[in-house]
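We did not get these values from a lab; they are worked out from the coordinates using the rules stated. Since the model is a prediction, treat every value here as computed from it, not as a measurement. Methodologically, a virtual Cβ is constructed for each residue, glycine included, from the backbone with ideal geometry; neighbour enumeration extends over all protein chains shown.
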Amino acid sequence: MPDHLSGLALVTGANRGIGFETARQLASAGVQVLLAGRDREAVTAAADELRADGLAVDPLVLDVTDPESIRAAASEVDGNHGRLDILVNNAGIRIEEYGKQPSEQPMRQWRETFDTNLFGVVEVTTAFLPLLGRSTAGRIVNVSSLLGSLATHSDPKSYAHSPMFKSLPAYSASKSAVNSWTVHLAYELRGTPIKVNAVHPGYTRTGMNDGAGDLDVADGARTSVAMALLGSDGPTGTYTHSGATVPW
Ligand code: NAP
């Protein structure tokens, strides 16, 4: 059994979608969960829903693009708990419109996408790293995407080799960058108990895809949960979906 099943997890962007389900599944496994999101009302309502099922979940206001919000959240967790065992960097946006050529997407969307999907991940992680360092089994899960896989994008037989999935260049590049960050941080933390892994949830029916996708949201959360609950013999610096390696 993983060392931290009685531990403390923080899931960003957990008021809905895959993050909410990740929070539910971690709490159902016995982990205490901080359900984080940028909107106080939304995180409170989401946490209340899981608490009504008897799960140990607390809301936490955290906007991953706001340095002050990140600092305040880290300070609140430090004050209340003094450590963190699991960080799931799940919050993400996909604001590009399908159907445009890669070169036609506006710069504003590139910047906004990278602010949330990459800089948000890096800034939240570095803010919580001292707390994760106090855990005996720290786990960081970076929610990437198959669209971050350059190997997949370059394979003419892949479903990413289509006008639809080639029209999200900022989203895809932001997830490639998350993969790179994952490898760098795993290298920095080698030799410590902290494991850092990137995951592809699967093409999941959430608000991000306007309800389209192959997986329901419970299945879409499973890879994040599995990597959050890795035992001490588990890997670090990987990129997986459902136990299988995704090519970088
Ligand atoms: P979703 O339903 O659109 O939910 C996204 C979540 O991120 C929401 O809780 C949203 O909060 C939150 N968020 C956005 N910006 C934020 C910010 N600045 N600070 C804090 N929270 C913020 O998306 P999803 O499908 O569950 O996606 C979850 C993750 O999986 C994302 O990283 C996504 O890229 C990745 N992913 C999804 C799929 C898929 O098929 N669905 C596939 C591959 C990867 P608000 O409610 O406040 O907007």
Compute the long axis of helix 67-81 from its Cα atoms, compare it with the longest principal axis of the Cα atoms of the chain, and write down the angle in degrees, 0 to 90, nearest 10.
30 degrees
Ranked from fewest to most other Cβ atoms within 10 Å of their own Cβ, His200, His184 fall in the order His184, His200
Which value, in debye to the nearest 20, gives the size of the charge dipole of segment 40-141 about its Cα centre, when Lys and Arg are +1 and Asp and Glu are -1 at the Cβ?
340 debye
Could you tell me the distance between the Cα centroids of segment 4-38 and segment 127-191, to the nearest Å?
20 Å
Explain nothing, just the number: dipole magnitude of segment 132-248 about its Cα centre with +1 on each Lys and Arg Cβ and -1 on each Asp and Glu Cβ, in debye rounded to the nearest 20.
240 debye
In degrees rounded to 10, the 0-90 angle between helix 17-28 Cα long axis and the longest Cα principal axis of the chain is 30 degrees
Any chance you could check the Cα centroid distance between segment 74-112 and segment 216-248 for me, in angstrom?
19 Å
Sorted by mean Cβ packing within 10 Å, highest first, what order do the peptides 213-226, 141-154, 91-104 take?
141-154, 213-226, 91-104
Quick one: helix 169-188 against the long Cα principal axis of the chain, what's the angle to the nearest 10°, folded into 0 to 90?
40 degrees
Students often forget the sequence filter, so: which aspartates and glutamates lie under 12 Å Cα-Cα from Lys195 once same-chain residues fewer than 8 apart are removed?
Asp85, Asp233
Restricting to the chain, what percent of DSSP beta bridges are antiparallel, rounded to 5?
10 percent
Which of the lysines could a cross-linker span from Lys157 if the Cα-Cα distance has to be under 25 Å and same-chain partners fewer than 8 positions apart are dropped?
Lys100, Lys166, Lys175
Any idea what the dipole of the chain comes to, in debye rounded to 20, about its Cα centre with Lys/Arg Cβ at +1 and Asp/Glu Cβ at -1?
520 debye
Sequence ranges 190-196, 67-73, ranked by mean other-Cβ count within 10 angstrom, highest first:
190-196, 67-73
Of the candidates Ser145, Pro106, Gly120, the farthest towards the positive dipole end of segment 8-245 (Lys/Arg Cβ +1, Asp/Glu Cβ -1, centred on the Cα centre) is Ser145
With the dipole of segment 129-243 worked out from charges on the C-beta (+1 for Lys and Arg, -1 for Asp and Glu) around the Cα centre, which of Leu168, Ala212, Ile194 lies farthest toward the positive end?
Ile194
